[in-house]
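Scroll down for the structure; my scribbles are underneath it.
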Amino acid sequence: MLLLTGCSVNPVTGERQLSLIGESQELAIGAEQYTPTQQTQGGQFYIDPELTLYVSEVGQKLARVSDRPDLPYEFVVLNSSVPNAWALPGGKIAINRGLLTKFDDEAQLASVLGHEIVHAAASHSIQRMQQSMLISVGVAGLGFALSDNEWAGLLMGGAAMGAQLALAQYSQGDELESDHYGIRYMKEAGYDPQAAVELQEIFLELSQGQNTSFVDGLFATHPPSARRVQENSELVSKIGGGGYRGADVYQKKTATLRQLQPAYDAHDEAMKLASDGDMDAALKKVNEAIDLLPREAMFFSLRGRIYQEQNNHDKASADFDKAVSLYPEMFAYRLHNGLSALKLNNLDKARENLIQANQVVPTSIAFLRLGDIAVKENNRDEAIAYYSKAAESSGEIAEEARRKLAALTQ
């Protein structure tokens, strides 16, 4: 239930704005959706925890000089090759490893984090939520494509809302505002604000060249424009350039990430080959990735899916077990593991993994298959409850759930 609080003053711009969602709700939304939204965008880059610590240190420097320094800011590096960054309400910020590989120095990193801090401090996502009436119309049936488009339409409830907030496009006004105050935060924190101008010039050039990875990532949510470049340049001229760049430190802190890049390139190529239906070539390529980086759960999960497509369910099950052992909190690996176990009629293992997956990111497919397990175990009431939940979504999963629900209740 929304609390109608009328108007408020934007803490960044000082302008009056519509306020249907109070600050306590804003903080609650960000806190509740941070983990599910991370997981729908690749999960945490756990291979290099020092990198996340570094990004967080840079982010906190900027947060301290922001217009809302008391927000509970958090920063995380996500395990996705897509160049992107996003902010949820309350200062919950994420940046993909795929974007970190594009920067030359710490000042460029600071420009992106400062920009996201403004989105959070100025409550841009809350304003967009109010304008689109996301909450008031309900979100249980909303679903969004994950990084590999596999679970499109299957996310439910809050997880769908978090993905919507992270992936919705900002208006030009929001982008200009975030550029403007982000540059001021950079200057205040001691960074060279010229780095923000450089990045916008690069992004504009890439957008005009239709660089696919950026178009699918950062530009989908943060559209660049010549106006942004011009206004950023004018502001830096006004407040003065110069300051810390941190090229040597940045290169050192991202050295492991760059060293591991060939493994992730092999994974991404395997993903593309699998999407195109060439499973033999995909298997060969993902094995290259595993040889280069055998600690990465993502690689085993992909190989498990390839094995499934080849009807090699025992090998698929072993790979999903491995992925879960390496990253047990990741809902997608639990989900794959549960669905795989169900194919092998291992009902206890299937139920355990599907329930754990749903505790982090609820999906209609998990509810549907939990209903199937309940039917197999002659637990009619439990099956009805699971099918009813799956039926709240849309598409083929919901239709199957309704058919099975009708068969149980007629």
Return yes or no: is D216 in contact (Cβ under 8 Å) with a residue 60 or more places away in the chain and either open to solvent by less than 40 Å² (accessible area, probe 1.4 Å) or in contact with a His (Cβ under 9 Å, 6 or more places away or on another chain) (or both)?
no
All helices (runs of 4 or more DSSP H) inside the stretch 221-290 with 3 or more residues being surrounded by 16 or more Cβ atoms within 10 Å (Cβ to Cβ) and not aliphatic (A, V, I, L, M):
226-239, 255-275
Quick one: is L347 touching a Ser or Thr at 6+ places or on another chain (Cβ under 8 Å), open to solvent by 20 Å² or more (accessible area, probe 1.4 Å) and of a type outside the set (D, E, K, R)?
no
Condition test on V324, is it in contact with a His (Cβ under 9 Å, 6 or more places away or on another chain) and either closer than 24 Å to L302 by Cβ or in a helix (DSSP H, G or I) (or both)?
yes
Condition met for A332 (assigned to a helix (DSSP H, G or I), in contact (Cβ under 8 Å) with a residue 40 or more places away in the chain and within 27 Å of Y386 (Cα to Cα)):
yes
Where V361 falls short, out of the listed (1) modelled with pLDDT of 95 or more; (2) touching a Leu at 6+ places or on another chain (Cβ under 9 Å); (3) closer than 25 Å to Y34 by Cα
(1)
Count - residues of the stretch 49-72 that are crowded, with 24+ Cβ neighbours inside 10 Å and assigned to a loop (DSSP other than H, G, I, E, B):
1
Among E399, E329, the single one that is farther than 23 Å from Q41 by Cβ and open to solvent by 40 Å² or more (accessible area, probe 1.4 Å) is E399
Quick check: anything in the stretch 201-210 within 25 Å of the chain's Cα centre (by Cα), surrounded by fewer than 21 Cβ atoms within 10 Å (Cβ to Cβ) and within 22 Å of P89 (Cβ to Cβ)?
no
Those residues of the stretch 73-87 which are within 24 Å of L27 (Cβ to Cβ) and assigned to a loop (DSSP other than H, G, I, E, B) amount to Y73, N84
Expected output for the stretch 228-243 (first residue over 12 Å from R184 (Cα atoms) and at pLDDT 95 or above, partner open to solvent by less than 50 Å² (accessible area, probe 1.4 Å) and of a type in the set (G, A, S), Cβ below 7 Å, 6+ apart or cross-chain) is G243/G190
Name the single residue, out of those in the stretch 307-323 being farther than 11 Å from A341 by Cα and surrounded by fewer than 24 Cβ atoms within 10 Å (Cβ to Cβ), that is nearest to the chain's Cα centre (by Cα).
K322
Which of the numbered conditions does G91 fail, given that it passes all the others? Conditions: (1) open to solvent by 10 Å² or more (accessible area, probe 1.4 Å); (2) over 22 Å from G246 (Cβ atoms).
(1)
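The values are calculated or read from the model by the stated rules, or taken from the named source; none is laboratory data. Fair warning: this is a prediction, and the values are worked out from it, not measured in the lab. Note: ideal-geometry Cβ built from the backbone for every residue, glycine included; neighbour counts use all protein chains shown. These area figures cover heavy atoms from the full protein model, side chains too; ligands, DNA and RNA do not enter into them. Shrake-Rupley method; radii C 1.70, N 1.55, O 1.52, S 1.80 Å.
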